[in-house]
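Undergrad: The structure's right below; bear with me while I get my questions together.
The values are calculated or read from the model by the stated rules, or taken from the named source; none is laboratory data. Note that the structure is a prediction, hence the values are computed from the model and not measured. All Cβ positions, glycine included, derive from the backbone under ideal geometry; neighbour counts span all protein chains shown.
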Amino acid sequence: MPPFDRLQGKVFVWIVNLSGSLNRYHYNSLWPLLSAQERKSHSQFSLSAMPSLVGHVLARVKIAELFRIPHEEVEINWLQGKAPTLHIHGQDYFLSLSHSEDTVACAFSPVKVGVDVEEIEANFIFKTTSDFLFSQTEKEDLEQLPLSKQSFYFHQLWTLKEAFCKATGLPLFSTADMAQFRIADSGEIFFCFEGSQDVTNPIHEEQWQFLIRRPSARHILSLAVGSGELVEIKETRVSLESLMSLPYDENSSKGARL
């Protein structure tokens, strides 16, 4: 079966936990697995940039495994302000990355996809953020909840909006109050899009579906999928060690920064 047919109707989500301490050893082990373009963005070791580096390696390695090709052949188009894409075996695919301080997530599919993961901060002062990101209806829904539930609901809405904007390539702050969500007590997610439309790439509400996951007790992950058909979510936990154990060309490691 051709790879594209085998992947139809599926969304792959890979999650890495970075709970252990990261250091230069991890950097030097992962850096050679990046593309030449990605290496320019990660040319020096930086602890704060390590989750981003892990995300890039995670995408490249797991996609290579899916297609049974060397990771060097996975060419990801990183376009500023747009969702990254890939062209493999004559077909287009979509990719989305997200990370919090200690959790990295990658989503990959033949259909548009966006992922966002955030740590739930119980004491986060979210009123200013919600004023920018939420519609009037969403703010009212949030304020009507008991104080003990507001932080969790806020992070649900926030990650849904982030995931949707990543999938569409739309800017978050100018789109936030147009992409509206409501989450029922049952967990069902309701979505509507109100506002001006790009006639070349209109948003059809019925062509989108959303899911919320809990990768850990402290985190929330939202997924936006641009398909009106039911999709199968293939979620996998990946260890950092499994990414580092991949063989790589000795010559490619010579540029790794110490």
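Undergrad: Taking region 152-167 on its own, how many of its residues are surrounded by fewer than 23 Cβ atoms within 10 Å (Cβ to Cβ) and either modelled with pLDDT under 90 or within 16 Å of P202 (Cα to Cα) (or both)?
TA: Residues that pass the stated criteria total 1.
Undergrad: Let me ask something else. Pick from region 168-227 the residues that are part of a strand (DSSP E or B) and among the aromatic types (F, W, Y): which of them is modelled with the lowest pLDDT?
TA: Top of the filtered list is F193.
Undergrad: Among the numbered criteria (1) of a type in the set (S, T, N, Q); (2) part of a helix (DSSP H, G or I); (3) free of Cβ contacts under 8 Å to residues at least 24 places away in the same chain, which single criterion is violated by S21?
TA: Of the numbered conditions (1) of a type in the set (S, T, N, Q); (2) part of a helix (DSSP H, G or I); (3) free of Cβ contacts under 8 Å to residues at least 24 places away in the same chain, the odd one out for S21 is (2).
Undergrad: Would region 50-64 turn up any residue that is at positive phi and surrounded by fewer than 21 Cβ atoms within 10 Å (Cβ to Cβ)?
TA: Checked region 50-64: no residue is at positive phi and surrounded by fewer than 21 Cβ atoms within 10 Å (Cβ to Cβ).
Undergrad: Here is a check on your reading of the model: is Q144 free of Cβ contacts under 8 Å to residues at least 40 places away in the same chain and either surrounded by fewer than 17 Cβ atoms within 10 Å (Cβ to Cβ) or farther than 29 Å from K82 by Cβ (or both)?
TA: It is true that Q144 is free of Cβ contacts under 8 Å to residues at least 40 places away in the same chain and either surrounded by fewer than 17 Cβ atoms within 10 Å (Cβ to Cβ) or farther than 29 Å from K82 by Cβ (or both).
Undergrad: Among residues belonging to region 65-78 that are outside any loop (DSSP other than H, G, I, E, B) and charged (D, E, K, R), point out the one that is surrounded by the fewest Cβ atoms within 10 Å (Cβ to Cβ).
TA: It comes out as E73.
Undergrad: Now for a different question. If you take the residues of region 235-257 that are surrounded by 14 or more Cβ atoms within 10 Å (Cβ to Cβ) and at pLDDT 95 or above, which of them is farthest from K166 (Cα to Cα)?
TA: V238
Undergrad: Turning to a different aspect of this structure: Please go through region 110-163 and give me each residue that is of a type in the set (K, R) and under 19 Å from A176 (Cα atoms), ordered by number.
TA: Scanning region 110-163 gives K112, K127, K139, K161.
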